[in-house]
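Values quoted throughout were computed directly from the atomic coordinates according to the rules given, and no laboratory measurement underlies them. Everything numeric here is computed off the predicted structure, so don't read it as measured data. Ideal geometry is used to build each Cβ from the backbone, glycine not excepted, and the neighbour counts take in all protein chains shown.
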Amino acid sequence: MCGIAGLIHLDGGPVADMSRRLRVMNQLIAHRGPDGAGTWQTPEQHVGFAHRRLSIIDLSSAGAQPMEAQSGDCIIHNGEVYNFVELREQLAQGWTFRSKTDTEAVLAAYDRWGEDCLEHLIGMFAFAIWDQRRQRLFCARDRFGIKPFYYTTVDGIFYFASEAKALLPSLPEIATDESALAEYLTFQYCIGENTLFRGIKELSPGHMLVVEDGKVKVRRYWDVRYEVDEDHSPAWFEKRLRGILDDSMRMHLRSDVPVGAYVSGGIDSSLMGVLAARHDGANRLAFNGRFTEYPGYDESGYARLAADAMGGELHVADIGHEDFRRHIGDVIYHLDFPIAGPGSFPQFMVSKLASEHVRVVLGGQGGDEIFGGYARYLLAYFEQSIKAAIDGNYKNGNFIVTIESIVPNLGLLREYKPLMREFWRDGLFGPMDERYFRLANRANDMQEEIAWDELNMASVFGTFQGIFNNEANVRKQSYFDAMTHFDFKCLLPALLTVEDRMSMAHGLESRVPFLDHSLVEFAATLPANIKFPGGRLKQLVKNVYADILPKPILERRDKMGFPVPLKEWFAGPLNGMIAETFCVMKERHRAYINADAVLANFDREASFSRKTWGLLSLELWQQTFHDRAGDYRKMLAQECVDA
């Protein structure tokens, strides 16, 4: 786990001030690698790499990066390739290993297989390799986007980095991308390759990038296909899940430093912690965050049950409104973009706590998207099942989970009555894509605050439809698979951005064992009545691990993600801070935002909604990056001391 950055002149000429440019980029990602820093350049000064090291595998100096091969090839790598042990054995003939790192295994794999090396890698990664013989730059990002990769081209120079902020000093201006802003205002994350910084793109999950002969080419190397397996029994699927997840956990525990686990009190994180402890008794440290200022925001009791099942020790971060006041600016800075809801703040605080005890921590990200854990799936499916029952076509294969089987489980929606009222406020029974778009849309209550007519919302919905209705991925028409597929492709990368940035802000590596590609490909074959029987969310996982997970965790219906008492804070002790922030929004005349409406509605409602969080995050982002654009431009014009 590290930070990478680099550049290449597209016409092959030397890059002016190469060393300074690399030094500036490395300084801006210094928090990602507290254990070392390095740079590398070609003799022609047309390609340069920078690296920050967080030592996890092979703690010796042999693991330092950038790492050169005898051939002249050079690699910088962020992440972990968990099957490096097997790769090293496979590649031993023809390659003399000088370290015990997974990074060198990737370099050797590229030497053997070229671009096809990606088919052999298991793990989370973003890397760049300079191919000396072919004079080309080869970059890739893991299948799910666990590790980040951003890039831009300015004045004929291609730049890339683990975090977008490292690219800002090279931009001619810091401006907002309008298409990405429209997506953010809709979903509170972006669903395409554009970022909120105009000119900076994100390499999509499962994609590679090649710079050769002055051209930048991007292509996909992996994708998930939902092809339902109708041939096996529930018992077979349960046995298969246990075997694959056991293999994934075994590999995810490969580390030369201690490993802990986030435990929120839900099924996914609890399962990761318990399985880790069962694999290795040394992995028994658990970490949780709680809010005790107001009732209803403390889930540490469930986390303690998980820690007890691990036979381990629970460390709890007590988080209050003053922590929010003190650290929300840090959260936005490290995120680079406002993204994916308020859970980033407590994640920042718990990561800080975990970093004081371990260098690696396991999380449960991915379980909801691949096994169907969100309550909105049940709500959307319920509506479409009613429609299908009325139309008389609910047994056409689209609704394996019938209206009759769902009804007994509607109690799961008890906590979601406000969502249901909003969902059905403007009608029901529309096309599936339009209905799920409404569920995913976070802007339904922001009609006054945003100048929607000035944004291309038709493009946003068109992009959404292209993903949701993609028959190449969801080949058999299945509403459940279409919903989980969209979230897997769009929401999950946003959540993984939070996972990466909030942990790396503290020099902590976060691993997500659910996101093993064999496990994801297996989950994509599960029939709805196995994954979602009678509307019971994530039932397959519950069945398989009922013997090791505490019963109260398995049976709870009130899991809220990572609840934060923002409603109480914003109406109480933080009211002045939020109002002041929105006053700055008004003074600066932010594009597309009606600041008067934002202030009026915030004061009138004196309560929290997702729109308040979304608009607050957006304004803090503007203040952190746009209003300080001059500071970033100066970085290349002055001497920069490496942090």
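Structure notes:
- Taking other C-beta atoms within 10 Å as the exposure proxy, Thr581, Thr484 rank Thr581, Thr484 from fewest upward.
- Over 19 Å (Cα to Cα) - which of Lys201/Lys489; Lys586/Lys634; Lys215/Lys489; Lys586/Lys611; Lys387/Lys531; Lys567/Lys611 fall in this group: Lys586/Lys634; Lys215/Lys489; Lys387/Lys531
- Convex hull (Cα only) mean projected area of the range 374-488, reported in nm² to one decimal: 8.0 nm²
- Structural descriptor for the range 566-629: relative contact order 41 percent, calculated from alpha carbon pairs under 8 angstrom and at least 6 residues apart.
- Sorting Cys74, Cys190 by the number of Cβ atoms found within 10 Å of their own Cβ, with the fewest placed first, yields Cys74, Cys190.
- When the chain is described by a simple charge dipole with +1 on each Lys and Arg Cβ and -1 on each Asp and Glu Cβ, the residue from Val81, Pro172, Gly363 located farthest towards its positive end is Gly363.
- Reachable lysines from Lys100, criterion Cα separation under 27 angstrom, eight or more residues apart if same chain: Lys147
- Distance between the C-alpha centres of the range 7-54 and the range 435-454: 41 Å, rounded to the whole angstrom.
- Rounded to the nearest 20 debye, the dipole size of the range 374-488 about its Cα centre is 540 debye, using +1 on the Cβ of Lys and Arg and -1 on the Cβ of Asp and Glu.
- The chain - percent relative contact order, Cα under 8 Å, separation 6 or more: 17 percent
- Cα extents of the range 34-90 along the three principal axes, largest first (Å): 36, 30, 17
- The range 571-592-the range 126-202 distance, computed between alpha-carbon centres (Å): 30 Å
- Unit charges at the beta carbon, dipole of the chain: most positive-side option, Ala62, Val544, Gln622: Val544
- The local environment of Gln347, defined by Cβ-Cβ distances under 11 Å, has a net charge of 0 under the rule Lys, Arg +1 and Asp, Glu -1.
- More than 21 angstrom apart: percent of Cα pairs within the range 248-310: 25 percent
- Signed unit charges on C-beta, dipole axis of the chain, positive-most listed residue Phe97, Pro418, Ala637: Pro418
- As a length-normalised measure over Cα pairs under 8 Å and 6 or more apart, the relative contact order of the range 126-213 settles at 35 percent.
- Prolate/oblate/rounded label for the range 566-629 (Cα gyration tensor, a/c 1.5): prolate
- Helical contribution to [θ] at 222 nm, DSSP H n ≥ 4, -39,500 (n - 2.57), averaged over the chain, rounded to 500: -11500 deg cm²/dmol
- Here the chain was treated as a single set of alpha-carbon atoms; its pair distances binned every 10 Å from 0 give 3, 16, 26, 28, 19, 7, 1, 0 percent.
- Against the rule of thumb 2.2 N^0.38 Å, how large the Cα Rg of the range 277-363 comes out: 1.18
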